[in-house]
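The structure appears below as structure tokens.
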């Protein structure tokens, strides 16, 4: 038995065919065109069409992981600040197109479930999952169940950590997402590089700071740029503060990070661990296992989406 996992973000659609052991058999990826509901749906289907054309065993169901708020019972993507849809009935639309049943979930809840079912958290009953990409999402597993509260628990990215700080897409100034998600990292990098220009940044951006992205910050920091090393270090500090809050609120057995910003060869996760230890009243005795990267870090959203249908929550 296999399933399709679709991971939808603010700028991309990624999909994969996943088997019952959580192994990825095939993947595809494309941009998310957000002009209208029609272009959003076509962005998704273009990727799924290419995936199915690869010729693997026909999947039995589709799991869909989306940012923002969902109505699981109706299969609707209700709203998402980084995408812009409103009450898009994704499950019905994809079922009509492919003839496969579907399940939809918030992307961070799906990611948390995927790590619990198949990934680095499969030996744990209590975990927090944090995905860092265009936004920051969070999912909580407690006693082997997803914590949803009254509907939207786990929005770790919208914890207020710096009152009066940068404006977040949610409308609040100083959310964790506004500081440590990809756009926030890029914005802080541009500000720092404008104030203290360096040859490394000039080279990596072809002399145009508008070309600077969160990945440029990583590249420049790795190349020895002291200005953007500070930006990356600040990113790690903000994320470590998020970890401290999660530790105190939920007492998880581990905190697992996924998402595109974490795809930097392991440097950011180690910096988060270092800051976590510095911020703690007493150092964690096993921080390497307490703060982890997702098992399929690059494709954790795909695995999480597929887990919704391959290992459904009981």
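Computed values, structure above
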quantity	calculated
Test: residue in the range 12-26 that is at pLDDT below 95, closer than 19 Å to residue 294 by Cα and crowded, with 19+ Cβ neighbours inside 10 Å	yes
Residue in the range 110-117 that is in contact (Cβ under 8 Å) with a residue 12 or more places away in the chain and under 16 Å from residue 177 (Cβ atoms) present	yes
Filter result for the condition that a residue is touching a helix residue (DSSP H, G or I) at 6+ places or on another chain (Cβ under 6 Å) and under 13 Å from residue 98 (Cα atoms), over 33, 62, 44	62
Count - residues of the range 121-140 that are part of a loop (DSSP other than H, G, I, E, B) and farther than 27 Å from residue 183 by Cβ	5
Count of residues meeting criterion [in a loop (DSSP other than H, G, I, E, B) and surrounded by fewer than 23 Cβ atoms within 10 Å (Cβ to Cβ)] in the range 218-269	9
Selected residue [touching a strand residue (DSSP E or B) at 6+ places or on another chain (Cβ under 8 Å), closer than 30 Å to residue 49 by Cα and at pLDDT 95 or above] from 119, 174, 102, 138	102
Residue in the range 141-156 that is in the same structural domain as residue 253 (by TED's automatic domain parsing), in a strand (DSSP E or B) and within 22 Å of residue 235 (Cβ to Cβ) present	no
Within the range 286-305, considering residues that are closer than 17 Å to residue 270 by Cβ and part of a loop (DSSP other than H, G, I, E, B), the one farthest from the chain's Cα centre (by Cα)	286
Those residues of the range 157-171 which are in a loop (DSSP other than H, G, I, E, B), surrounded by 16 or more Cβ atoms within 10 Å (Cβ to Cβ) and touching a strand residue (DSSP E or B) at 6+ places or on another chain (Cβ under 6 Å), in sequence order	165, 168
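The values are calculated or read from the model by the stated rules, or taken from the named source; none is laboratory data. Everything quoted here is computed from the prediction, not taken from an experiment. Don't worry about glycine lacking a Cβ; one is built from the backbone with ideal geometry, like all the others, and counts go over all protein chains shown.
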